[in-house]
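Heads up, the thing below is written out as structure tokens.
The values are calculated or read from the model by the stated rules, or taken from the named source; none is laboratory data. Given the structure is predicted, the values throughout are model-derived calculations rather than measurements. Methodologically, a virtual Cβ is constructed for each residue, glycine included, from the backbone with ideal geometry; neighbour enumeration extends over all protein chains shown. We work out accessible area using only protein heavy atoms, side chains counted, and drop any ligands, DNA or RNA first. Shrake-Rupley method; radii C 1.70, N 1.55, O 1.52, S 1.80 Å.
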Amino acid sequence: MSAKFESETGLVWNVQRERTRVGSDRTEKLTCVRIRKLPEDGRFSDEIKAVHPDVGLINFILDEQGGAEPIVDLTGISQLRNVRVISIYAKKQALLDDEGNVSKLPLVRVIATYVKGVSEALIQCPDLQFLELEGAPMGILGLAPSALNTVTLRQLTQSKTRFAWEKLSALKELNVENSRTVHVSPPSNQWPEIVSFISVASLKDIVEASQCLPFKFLYLEGIRIFDPGASFWDLKAKRVTVGFATKPPKWLVDAWPMRPADWANWLVVPYHPSLPGSEDAVHEEYDVTDESS
């Protein structure tokens, strides 16, 4: 059962013990703190440590305070030695701790709005396995530890960072969502087992990247413009799924008459009248393990 706390400084939070996913196939029972309101200076770590020294998950669920977006000051978080998961969707963040101390935290999952300097410190924790960032540049993956296996980037910025794409070989899964223009480059050795692009305005260079290294399982949905100047049918992958809610994207409808004879061997697409013959598409899907905690 959740218990509510409120301090004299204005810090308000709930706490309860919950079983939380901390690995691909492992869960642990953690002390979970959900912070509802912060003091004016945004500090919380000293008070949380005093009451819950074993805190394992921190989730900021904040309302606007006085009409302004609250600041989350993570200074002092390095003293919370048992934190495994942190979720912080706030545009105003601060962190004055030594980066080396922060990187010693046993974080396995970070879910956050990207803030330069703060996000870089958090993702260098050596045990980090799951990363979800909103508004981050692709280059931040160059700082990620070798343990990282699942990455979701929303509102991706500055995707033309070849060295970051090259680091993808160590991942099991990459998801890019709700982004404008994404320039794709091949990784150094192999693609992650699952790669998805969802709600991307313009997806560029993906065909050429696939010809350098074919995808394993590629999922596309909500792609407004698909690789201008390239043919979808030149895409190389073990399996490609094109998803849609009500009707297929125009670029697929336009390309459909040129489909090769073997298209049904590798393409998964829902049936639609504008795609004659799509009822013959392969419908054996790969398994996607739900990593949500």
* Is it fair to say Ser185 is touching a helix residue (DSSP H, G or I) at 6+ places or on another chain (Cβ under 6 Å) and closer than 17 Å to Pro137 by Cα? -> yes
* Structure fact -> Within the stretch 260-289, residues out of contact with any Asp or Glu (no Cβ under 8 Å at 6 or more places or on another chain), modelled with pLDDT of 75 or more, assigned to a loop (DSSP other than H, G, I, E, B) and not aliphatic (A, V, I, L, M) come out as Pro260, Asp262, Trp266, Pro270, His272, Pro273, Ser274, Pro276, Gly277
* **Leu148, sole failed condition from (1) part of a loop (DSSP other than H, G, I, E, B); (2) under 23 Å from Glu193 (Cβ atoms); (3) open to solvent by 20 Å² or more (accessible area, probe 1.4 Å)** => (3)
* To do: Examine the stretch 51-58 for a residue that is closer than 21 Å to Gln129 by Cβ, free of Cβ contacts under 8 Å to residues at least 60 places away in the same chain, assigned to a strand (DSSP E or B) and not small (Gly, Ala, Ser), and state whether such a residue exists.
  => yes
* Matching residues in the stretch 98-145 - criterion: being within 17 Å of Ile77 (Cα to Cα), open to solvent by 20 Å² or more (accessible area, probe 1.4 Å) and of a type in the set (S, T, N, Q) -> Asn101, Ser103, Gln124
* Tell me, yes or no, whether the stretch 91-105 has at least one residue that is among the small types (Gly, Ala, Ser) and in a strand (DSSP E or B). => yes
* Failed condition for Asp73, given (1) within 17 Å of Leu133 (Cα to Cα); (2) charged (D, E, K, R); (3) surrounded by 15 or more Cβ atoms within 10 Å (Cβ to Cβ), with all others met? -> (1)
* To do: Return only the number of the condition from (1) free of Cβ contacts under 8 Å to residues at least 60 places away in the same chain; (2) open to solvent by 10 Å² or more (accessible area, probe 1.4 Å); (3) aliphatic (A, V, I, L, M) that Ile194 does not satisfy.
  => (1)
